[in-house]
Structure formats: structure tokens, C-alpha cells
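Working notes, beginning with the structure itself.
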Amino acid sequence: DLGYMTSEKAYRVVLAGDAAVGKSSFLLRLCKNEFRGNSSATLGVDFQMKTLVVDGEPTLLQLWDTAGQERFRSIAKSYFRRADGVLLLYDVTCEQSFLNVREWVDMIEDVSQDDIPIMLVGNKCDLREQALQDSVTCVPTSFGEKLAMTYNALFCETSAKDGSNVIEAVLHLAREMTKQV
Ligand code: GDP
């Protein structure tokens with residue numbers, strides 16, 4: 001693989017989470033530093049590369065966006081099977097996407113070989129203030145923190161729109177993955 005060609009260490013990271021929580025947008029922000037207001041749904045699996053310096057070491061991440069897993073569940077499973085780490089996203093302004101995190105964790109634990117690190121990501125935090133004003137039920141930060149703790153997962157809140165915490169989330173996960181080897 002490309003990690004071998006560039007003599008960097010390479011890790012496979014798979015993005016998980018319900019449709020429309022912002023997985024494609026998260027990747028677009030991370031890899032191209034862009035945001036698109038009305039991104040269309042990804043079909044199947046989309047693939048991106050990103051090199052980050054983790055504790056002084058250039059580290060190549062292969063990031064797999066498993067969009068459309070409702071229809072492509074078996075494909076998605078084959079990616080989780082080979083994952084070194086998972087970014088599991090929910091939308092802080094969509095309670096149901098948070099309630100579904102449990103199903104995702106069960107699937108990941110069921111399919112992946114080892115105890116791989118999971119970063120639980122509450123995305124769209126830029127929308128929370130407005131959503132609360134509009135009486136939309138939002139997921140409080142403390143709920144995300146608590147859930148992450150019960151799964152022994154890492155946690156952070158991000159916005160793919162304004163970019164806050166996106167790189168930090170991935171760096172934190174990368175540190176955990178590099179520790180495992
Ligand atoms: P995916 O199905 O999980 O890949 O979700 P998308 O990346 O396609 O995002 C779904 C919708 O939410 C799109 O209209 C995005 O522009 C929007 N979106 C994604 N992330 C954010 C975010 O952090 N903040 C805001 N305000 N919108 C977002």
C-alpha cells in the first residue's frame with residue numbers, strides 16, 4: 001500500500017454514523033479544508049488520504065467514508081473488519097443519531113478483530129445554539145462524554161462547517177492508534 005511507498009506508517013480509519021450526520025463533510029474539511037452547504041449523499045465507500053504528524057512521526061491515514069451503509073451494510077462491514085480506528089459521528093442537533101450510536105458500536109465490536117480505538121464525535125456543534133432557540137432537542141456535551149466513557153471511547157465535539165476540532169479529533173485518534181502497535 002501507499003504507506004510502504006512513502007515509508008510512513010499507514011493506518012486505516014473508518015467513518016461511521018447515521019446518514020446526514022456529516023461524515024462526508026468531516027472528511028472534506030479534514031482533507032481539503034472545504035465545506036459545502038448541500039453535499040449530496042455518498043454512495044458506497046469514498047476514500048481519502050491525509051498525513052498528520054503524530055508525536056513527531058509523519059503518519060499516513062487512509063480514511064474510508066462508509067456512506068449509504070443502510071444499503072451497503074455488508075460492504076461497510078468489510079471495511080470495519082480491517083480498520084485500525086473508527087470515527088463514529090452523530091449530529092448534536094439530531095437526538096436519534098445519538099441514540100443510534102449504540103447500534104454502531106455493537107456492529108463495530110462484532111466485526112472488528114481487536115479492541116480498536118473509537119473516537120465518538122458530536123458533529124454540527126455550530127448549529128446547537130440556534131437549534132436550542134428553535135426548541136430542537138439537542139444532545140448535551142455531558143451526554144456524549146458519558147456515552148464515550150461507557151464504551152471506553154474518546155470523545156469530542158466538532159463542526160465540519162467552521163472546522164472546529166476536526167483535526168484535533170483525528171490527531172487524538174491517531175495517537176491512540178499508534179500506541180496500540
Ligand atoms: P453524511 O451523510 O454523514 O456524509 O453527511 P453529509 O456530510 O452529507 O452532511 C449532511 C448535511 O449536513 C449536509 O447538508 C452538510 O452540509 C451538513 N453538515 C455537515 N456537517 C455540518 C456541520 O458541522 N455544521 C453544519 N451546520 N452543517 C453540517
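The values are calculated or read from the model by the stated rules, or taken from the named source; none is laboratory data. As the structure is a prediction and not an experimental result, all values here were calculated from the model. FYI the Cβ positions are ideal-geometry reconstructions off the backbone, even for glycines, and counts take in every protein chain you see. Side chains included, ligands, DNA and RNA excluded: accessible areas come from the protein's heavy atoms. Shrake-Rupley method; radii C 1.70, N 1.55, O 1.52, S 1.80 Å.
Just one of the listed residues (146, 161) is of a type in the set (Lys, Arg), within 14 Å of residue 91 (Cα to Cα), modelled with pLDDT of 95 or more and open to solvent by 80 Å² or more (accessible area, probe 1.4 Å), namely 161. Taken over the stretch 103-127, the criterion of being in a helix (DSSP H, G or I) and open to solvent by 40 Å² or more (accessible area, probe 1.4 Å) is satisfied by 103, 106, 109, 110, 126, 127. For residue 141, indicate whether it is farther than 21 Å from residue 85 by Cα, among the hydroxyl-bearing types (Ser, Thr, Tyr) and open to solvent by 20 Å² or more (accessible area, probe 1.4 Å). Yes; evaluated as a whole, the condition is true for this residue. Taking residue 128, is it over 21 Å from residue 60 (Cβ atoms) and either within 13 Å of the ligand (Cβ to nearest atom) or without any contact (Cβ under 8 Å) to a residue 40 or more places away in the chain (or both)? Spelling it out, residue 128 is indeed over 21 Å from residue 60 (Cβ atoms) and either within 13 Å of the ligand (Cβ to nearest atom) or without any contact (Cβ under 8 Å) to a residue 40 or more places away in the chain (or both). Within the stretch 47-93, which residues are at pLDDT below 80, in contact with a strand residue (DSSP E or B) (Cβ under 9 Å, 6 or more places away or on another chain) and farther than 15 Å from residue 20 by Cβ? Passing the criteria: only 76.
Condition test on residue 98, is it open to solvent by 10 Å² or more (accessible area, probe 1.4 Å), within 16 Å of the ligand (Cβ to nearest atom), farther than 20 Å from residue 47 by Cα and of a type in the set (Phe, Trp, Tyr)? Give the derivation first.
On the way: open to solvent by 10 Å² or more (accessible area, probe 1.4 Å): yes; within 16 Å of the ligand (Cβ to nearest atom): yes; farther than 20 Å from residue 47 by Cα: yes; of a type in the set (Phe, Trp, Tyr): yes.
For residue 98, the condition - open to solvent by 10 Å² or more (accessible area, probe 1.4 Å), within 16 Å of the ligand (Cβ to nearest atom), farther than 20 Å from residue 47 by Cα and of a type in the set (Phe, Trp, Tyr) - is met.
Taking the listed residues 99, 120, the one that is out of contact with any Leu (no Cβ under 7 Å at 6 or more places or on another chain), without any contact (Cβ under 8 Å) to a residue 40 or more places away in the chain and not acidic (Asp, Glu) is 99, with no other qualifying.
Scanning the stretch 140-158 for residues that are under 12 Å from the mean Cα position of the chain (by Cα) and under 25 Å from residue 130 (Cβ atoms) yields 155, 156, 157, 158.
Taking only the stretch 147-181 into account, find how many residues are in a helix (DSSP H, G or I) and without any contact (Cβ under 8 Å) to a residue 60 or more places away in the chain. Explain how you work it out, then say what you get.
From the stretch 147-181, those in a helix (DSSP H, G or I) are 147-150, 166-180; that's our starting set.
Now narrow it down to the ones that are without any contact (Cβ under 8 Å) to a residue 60 or more places away in the chain: 147-150, 168, 172, 179.
Result for the stretch 147-181: 7.
Among the residues making up the stretch 114-165, those that are at positive phi and not small (Gly, Ala, Ser) are 124, 152, 165.
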